[in-house]
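The values are calculated or read from the model by the stated rules, or taken from the named source; none is laboratory data. Note that the structure is predicted; figures quoted are calculated from it, not measured. Cβ coordinates were reconstructed from backbone atoms using ideal geometry, including for glycine residues, and neighbour counts include every protein chain displayed.
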Amino acid sequence: ASLYKIDGWGVPYFSVNSSGNISVRPHGAETLHHQEIDLMKVVKKASEPKSSGGLGLQFPLIVRFPDVLRHRVESLQAAFDFAIHSQGYDSHYQGVYPVKCNQDRFVVEDIVEFGSPFRFGLEAGSKPELLLAMSCLCKGNPEAFLICNGYKDSEYISLALIARKLHLNTVIVIEQEEELDLVIENSRKLSVRPVIGVRAKLRTKHSGHFGATSGERGKFGLTTTQILRLVSKLEQVGMLDCLQLLHFHIGSQIPSTLLLADGVGEAAQIYCELVRLGAGLQVIDIGGGLGIDYDGSRSSDSDISVGYGLEEYAATVVQSIRYACDRKFVNHPVICSESGRAIVSHHSVLIFEAVSATASSTPTISSLGPGLQYLVDGLTDEARMDYRNLTAAAVRGEYETCLLYADQLKQRCIQQFKEGSVGLEHLASVDGLCDFVAKAIGMSESVRTYHVNLSLFTSIPDFWAIEQLFPIVPIHRLDQRPGVRGILSDLTCDSDGKVDKFIGGESSLPLHELGGEEGGHGGGGYYLGMFLGGAYEEALGGLHNLFGGPSVVRVSQSDGPHSFAVTRAVPGPSCGDVLRAMQHEPELMFEALKHRAEECGGHEDEMACAELARGLARSFHNMPYLITAASCATANNN
Ligand code: PLP
């Protein structure tokens, strides 16, 4: 576990059990021993064919834990409740979940249900997000906020006003000055009194990767001048009482409480000023930014870690608002936050299989192919001189010089190969010799490439786009010392499709030899998990090479024999599905190919044609990923 820093980033949900498998504690530290879930048992249940009592799902696989979601929502609420109580703050915390972090229906429905006792709401940033938030909140607490952010046209605004008519506690946040006229106009048309928020562009700047949205040049929000214009326009039309919420967002992954206090403090001053100007303010919405410690280092100098926990975050927010309001004799506002990453990151694990690995790059003299003498005999005079110089330098112990001659020899042989004077076998021997020399001198670390049954572009898009790191760990065999270091190479035909940076600043990952667990769980495959990827990754992922999303299982803690129950199982998109997403028509394609098979197989018998058609149908039906030895039974049986 320490090799993979699980004790840092995994706390309190992930650890290693006595079988060497990753164990999930769905209720965090409060999880009792018998409630812990062995992740390999879930993988086995999900991947075994239906005929053997499994769910017949293909990899990659997302395992969702709704109990973790519940624990996150409740922990966030508890952290604010504690800060409010202990600091004598005179109002309450009422958060919302920004659905853009993961719009999966069951994720959103779970959050609404788990947050209902404390009026937890939703945030939307587009029309479809608003539609889903409206529909989910119909089953939620009527006081829960529905915060409408993002660019808005007349249709978005009238939809938000309709939501208010449906008695949903909707707030339209003005992010661009032009939106105000549309709100005034549409609310008159629909005869509804809107609740308006305004997003302020703060001067506080978050300098980390996720801070581009902050500062005076940020993409969203109103400047001080624009806010003053908005106030005077609302006053003119007799709607200043409608301005009830002040919003800001200084970026995701706020690294330190120092920066947080700075931003919240600035916003609290604006809040007090707006109260002084007569607005009907009641709520301060501090946006997102509550960070996740992806590498467990608790560092405030890194994009992938944060130097605080939920409690310190809540305490800082409450203290900064209270301080500003008390000095200006302003009533304490309701505190709303739009924490997405912090709520959904932990709840899902992406599991994928390593299907093969490059051979050990520990070269031996046998990697020189037919032998040294053969190699030397085939060299031209100049190359033979390089070889002699190389061996002489080796005898003298001048290793740098060895490398120099080895490289010279190699370049010379490549040139001669291009000219046609050296054969393929000789070129391979020279490559082998150079690898051998580099290894003997300790210059080439033996890092192997593990080929994984995954598309990085679909499942870990932020690694490709912004080099965001996530913990990646084998989910079993953790009681065996990994003997190899490797990088991961995905299925796409794209050289970017590889993971060669890992948490802790590592350029390779400790891994086990493949095939080391004959007959083990999951049919002997080697399974890796990508953790803390429950936010953003699913919605951002694309269809590069037409690899679609993973299969998904939803796993709840239960008191049954395995301590878990699968409450939902959905196969990932099939080849037919991903083709359809690109406007192809799989049914017509199948018919055309079947017809062709019948034509081509004119001389064959009907049975052979039917077999071809079945093969075609299976390919449309199965997922685009590799069918490996471990998943073969499932793919053929479903
Ligand atoms: N609110 C707004 C306006 C955002 O732009 C974002 C994301 O950047 C969030 C909330 C969610 O932020 P986080 O995931 O850091 O909680």
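So the check is Cβ under 8 Å with 6+ separation or different chains; which pairs have a first residue in the stretch 129-153 that's farther than 28 Å from Lys219 by Cα and a second one that's crowded, with 23+ Cβ neighbours inside 10 Å and among the hydroxyl-bearing types (Ser, Thr, Tyr)?
Close Cβ pairs (under 8 Å, with a partner that is crowded, with 23+ Cβ neighbours inside 10 Å and among the hydroxyl-bearing types (Ser, Thr, Tyr)) do not exist here.
Which of (1) modelled with pLDDT under 95; (2) crowded, with 19+ Cβ neighbours inside 10 Å; (3) of a type in the set (D, E, K, R) does Asp301 not meet, given it meets every other one?
Of (1) modelled with pLDDT under 95; (2) crowded, with 19+ Cβ neighbours inside 10 Å; (3) of a type in the set (D, E, K, R), only one is false for Asp301: (2).
Condition first: within 16 Å of the ligand (Cβ to nearest atom), in a helix (DSSP H, G or I) and farther than 18 Å from Ser337 by Cβ. Can you find one or more residues in the stretch 159-173 that meet it?
yes
Based on this model, can you work out whether Ser297 counts as of a type in the set (S, T, N, Q), within 23 Å of His27 (Cα to Cα) and either part of a strand (DSSP E or B) or touching a strand residue (DSSP E or B) at 6+ places or on another chain (Cβ under 8 Å) (or both)? Before the answer, list the steps.
Numbers: of a type in the set (S, T, N, Q): yes; within 23 Å of His27 (Cα to Cα): yes; either part of a strand (DSSP E or B) or touching a strand residue (DSSP E or B) at 6+ places or on another chain (Cβ under 8 Å) (or both): no.
Considered against the rule, which asks whether it is of a type in the set (S, T, N, Q), within 23 Å of His27 (Cα to Cα) and either part of a strand (DSSP E or B) or touching a strand residue (DSSP E or B) at 6+ places or on another chain (Cβ under 8 Å) (or both), Ser297 comes out as no.
May I ask you to verify whether Asp490 is buried (at least 22 other Cβ atoms within 10 Å of the Cβ) and more than 27 Å from Val68 (Cα to Cα)? Walk me through it before giving the result.
Numbers: buried (at least 22 other Cβ atoms within 10 Å of the Cβ): yes; more than 27 Å from Val68 (Cα to Cα): yes.
So Asp490 passes the test.
Among (1) over 19 Å from the mean Cα position of the chain (by Cα); (2) among the aliphatic types (A, V, I, L, M); (3) farther than 30 Å from Phe329 by Cα, where does Leu69 come up short?
(1)
Name the pairs: first residue in the stretch 193-204 and in the same structural domain as Gly238 (by TED's automatic domain parsing), second residue of a type in the set (Asp, Glu), Cβ to Cβ under 7 Å, at least 6 apart or on different chains?
Cβ pairs passing all conditions: Gly197/Asp285; Arg199/Glu175; Lys201/Glu216; Leu202/Glu266; Arg203/Glu216; Arg203/Glu266; Thr204/Asp262; Thr204/Glu266.
Here is a yes/no grid of residues against (1) of a type outside the set (Ser, Thr, Tyr); (2) assigned by TED's automatic domain parsing to the domain that holds Val283; (3) buried (at least 22 other Cβ atoms within 10 Å of the Cβ):
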{"residue": "Gln103", "(1), (2), (3)": "yes, yes, no"}
{"residue": "Gly115", "(1), (2), (3)": "yes, yes, yes"}
{"residue": "Phe118", "(1), (2), (3)": "yes, yes, no"}
{"residue": "Lys139", "(1), (2), (3)": "yes, yes, no"}
{"residue": "Leu146", "(1), (2), (3)": "yes, yes, yes"}
{"residue": "Tyr151", "(1), (2), (3)": "no, yes, no"}
{"residue": "Ala163", "(1), (2), (3)": "yes, yes, yes"}
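Tell me whether the stretch 460-468 contains one or more residues that are within 24 Å of Ser297 (Cβ to Cβ), in the same structural domain as Gly525 (by TED's automatic domain parsing), part of a loop (DSSP other than H, G, I, E, B) and acidic (Asp, Glu). Outline the logic, then answer.
Initially, the stretch 460-468 is screened for residues within 24 Å of Ser297 (Cβ to Cβ), giving 460-468.
Filter once more, keeping what is in the same structural domain as Gly525 (by TED's automatic domain parsing): 460-468.
Retained after the next criterion (residues that are part of a loop (DSSP other than H, G, I, E, B)): 460, 467-468.
Now restrict to residues that are acidic (Asp, Glu): 467.
Yes, the conditions are met somewhere in the stretch 460-468.
Looking at the stretch 465-502 only, could you name the residues that are modelled with pLDDT under 95, in contact with a helix residue (DSSP H, G or I) (Cβ under 9 Å, 6 or more places away or on another chain) and β-branched (Val, Ile, Thr)?
If the condition is that a residue be modelled with pLDDT under 95, in contact with a helix residue (DSSP H, G or I) (Cβ under 9 Å, 6 or more places away or on another chain) and β-branched (Val, Ile, Thr), then Ile466, Thr492 are the ones that fit.
Which one is nearest to the chain's Cα centre (by Cα) among residues in the stretch 74-102 that are over 17 Å from Ala342 (Cβ atoms) and not hydrophobic (A, V, I, L, M, F, W, C)?
Applying the filter and picking the extreme gives His92.
Filter the stretch 258-268 for residues that are within 15 Å of the ligand (Cβ to nearest atom) and more than 20 Å from Val96 (Cα to Cα) and give the result.
Taking the stretch 258-268 and keeping what is within 15 Å of the ligand (Cβ to nearest atom), we get 259-260, 263-264, 267.
Answer for the stretch 258-268, where residues must be within 15 Å of the ligand (Cβ to nearest atom) and more than 20 Å from Val96 (Cα to Cα): just Leu259.
Residue-wise test of (1) buried (at least 18 other Cβ atoms within 10 Å of the Cβ); (2) over 30 Å from His347 (Cα atoms); (3) under 24 Å from the mean Cα position of the chain (by Cα).
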{"position": "Gly534", "(1), (2), (3)": "yes, no, yes"}
{"position": "Gly548", "(1), (2), (3)": "yes, no, yes"}
{"position": "Arg554", "(1), (2), (3)": "yes, no, yes"}
{"position": "Ala565", "(1), (2), (3)": "no, no, no"}
{"position": "Pro571", "(1), (2), (3)": "yes, no, yes"}
{"position": "Gly576", "(1), (2), (3)": "yes, no, no"}
{"position": "Ala592", "(1), (2), (3)": "no, yes, no"}
{"position": "Asp605", "(1), (2), (3)": "no, yes, no"}
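Quick check on the stretch 106-120: of everything there that is without any contact (Cβ under 8 Å) to a residue 60 or more places away in the chain and touching a helix residue (DSSP H, G or I) at 6+ places or on another chain (Cβ under 8 Å), which residue is nearest to Glu538 (Cα to Cα)?
So the first thing to find is which residues in the stretch 106-120 are without any contact (Cβ under 8 Å) to a residue 60 or more places away in the chain, and the list is 108-110, 112-120.
Now drop any that are not touching a helix residue (DSSP H, G or I) at 6+ places or on another chain (Cβ under 8 Å), which leaves 108-110, 112, 114-115, 118, 120.
On the way: Val108: 14, Glu109: 17, Asp110: 17, Val112: 20, Phe114: 22, Gly115: 22, Phe118: 28, Phe120: 23 Å.
Residue satisfying both the conditions and the ranking: Val108.
Restricting attention to the stretch 145-157, which residues are more than 13 Å from Gly197 (Cα to Cα) and within 16 Å of the ligand (Cβ to nearest atom)?
Tyr151, Lys152, Tyr156
Looking only at the stretch 269-289, which residues are within 16 Å of the ligand (Cβ to nearest atom) and part of a loop (DSSP other than H, G, I, E, B)? So that I can check it myself, show each step before the final result.
Taking the stretch 269-289 first, the residues within 16 Å of the ligand (Cβ to nearest atom) are 283-289.
Answer for the stretch 269-289, where residues must be within 16 Å of the ligand (Cβ to nearest atom) and part of a loop (DSSP other than H, G, I, E, B): Ile286, Gly287, Gly288, Gly289.
Please specify each residue of the stretch 203-246 satisfying the condition of being in contact with a Cys (Cβ under 8 Å, 6 or more places away or on another chain) and within 15 Å of the ligand (Cβ to nearest atom).
First pass over the stretch 203-246, keeping only residues in contact with a Cys (Cβ under 8 Å, 6 or more places away or on another chain): 234, 245.
Leu245 - this is the single residue of the stretch 203-246 that is in contact with a Cys (Cβ under 8 Å, 6 or more places away or on another chain) and within 15 Å of the ligand (Cβ to nearest atom).
Looking at the stretch 225-281 only, could you name the residues that are among the charged types (D, E, K, R) and under 31 Å from the mean Cα position of the chain (by Cα)? Step through it out loud before you land on a result.
Let us first name the residues in the stretch 225-281 that are among the charged types (D, E, K, R), namely 229, 233, 235, 241, 262, 266, 273, 276.
The one that is among the charged types (D, E, K, R) and under 31 Å from the mean Cα position of the chain (by Cα): Asp262.
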